[in-house]
Amino acid sequence: MTDRALNYLGLMRRAGRLEIGEAATGYAIKEGRARCVCVAADAADNAVKRAKGWLQGRRALYVELPYTKEQLSDALGRSGCSMAACTDFGLAGAFLAALAEKDAERYGALAEEMRRRSDKAAYRKARGPKRKPGRELNE
């Protein structure tokens with residue numbers, strides 16, 4: 001049986017929308033590109049504390065995965081991987097929806113929040129850039 005959530009992680013990696021490892025995840029969070037930060041179930045306490053510290057005052061969601069570091073590493077093609085950051089709203093939403101299918105009680109609220117944020121980002125993108133009142137486009 002295939003796991004859709006793990007497949008989404010592999011898809012994100014191939015699409016270049018996943019920062020893998022602690023250093024890359026930290027940079028993505030600090031630059032404001034991270035949409036959700038995924039941490040393995042058996043990650044070290046220091047790694048969990050570091051990820052939560054980086055997320056203080058940031059808009060990215062923290063997701064503790066039901067997968068071990070070994071399962072996460074196999075899905076991503078990297079050894080010893082305990083955390084990753086998704087940088088795309090749509091893929092993060094699909095990933096969290098797949099997790100919510102497995103465990104709605106644990107991941108349902110996160111999936112709903114990511115769907116709300118994804119819809120909001122799509123609306124802002126469709127609306128176009130903000131313009132200051134009184135300014136003409138051909139100035």
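The values are calculated or read from the model by the stated rules, or taken from the named source; none is laboratory data. Everything numeric here is computed off the predicted structure, so don't read it as measured data. Here the Cβ is made from the backbone with ideal geometry for all residues, glycine too, and neighbour counts use every protein chain on show. Heads up: the accessible areas ignore ligands, DNA and RNA and are worked out on the full protein's heavy atoms, side chains in. Shrake-Rupley method; radii C 1.70, N 1.55, O 1.52, S 1.80 Å.
Any residue that is touching a helix residue (DSSP H, G or I) at 6+ places or on another chain (Cβ under 7 Å), open to solvent by less than 50 Å² (accessible area, probe 1.4 Å) and farther than 24 Å from residue 109 by Cβ - is there at least one of those in region 76-84? Within region 76-84 (the criterion being touching a helix residue (DSSP H, G or I) at 6+ places or on another chain (Cβ under 7 Å), open to solvent by less than 50 Å² (accessible area, probe 1.4 Å) and farther than 24 Å from residue 109 by Cβ), the answer is yes, since at least one residue qualifies.
In region 21-41, how many residues are closer than 20 Å to residue 110 by Cβ and surrounded by 13 or more Cβ atoms within 10 Å (Cβ to Cβ)? Can you show your working first?
Start the filter on region 21-41 by keeping residues that are closer than 20 Å to residue 110 by Cβ, which leaves 25, 28-29, 32-41.
Keeping just the survivors that are surrounded by 13 or more Cβ atoms within 10 Å (Cβ to Cβ) gives 25, 28-29, 33-41.
Count: 12.
Working only within region 85-94, note down all residues that are over 16 Å from residue 119 (Cβ atoms) and either at pLDDT below 95 or open to solvent by less than 10 Å² (accessible area, probe 1.4 Å) (or both). Correct list: 85, 86. Scanning region 105-118 for residues that are charged (D, E, K, R) and either under 13 Å from the mean Cα position of the chain (by Cα) or surrounded by 12 or more Cβ atoms within 10 Å (Cβ to Cβ) (or both) returns 106, 112, 113, 115, 117. Out of 130, 125, 102, one residue alone is out of contact with any strand residue (DSSP E or B) (no Cβ under 8 Å at 6 or more places or on another chain), open to solvent by 60 Å² or more (accessible area, probe 1.4 Å) and in contact (Cβ under 8 Å) with a residue 60 or more places away in the chain. It is 102.
The rows are residues; the columns are (1) more than 17 Å from residue 102 (Cβ to Cβ); (2) within 15 Å of the chain's Cα centre (by Cα); (3) touching a residue at least 12 places away in the same chain (Cβ under 8 Å).
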site: 15; (1), (2), (3): yes, yes, yes
site: 30; (1), (2), (3): yes, yes, yes
site: 34; (1), (2), (3): yes, yes, yes
site: 50; (1), (2), (3): yes, no, yes
site: 54; (1), (2), (3): yes, yes, yes
site: 65; (1), (2), (3): no, yes, yes
site: 68; (1), (2), (3): no, no, yes
site: 88; (1), (2), (3): yes, yes, yes
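Is it fair to say residue 61 is within 14 Å of residue 8 (Cβ to Cβ), surrounded by 12 or more Cβ atoms within 10 Å (Cβ to Cβ) and in contact (Cβ under 8 Å) with a residue 12 or more places away in the chain? When the stated conditions are applied, residue 61 does not pass them.
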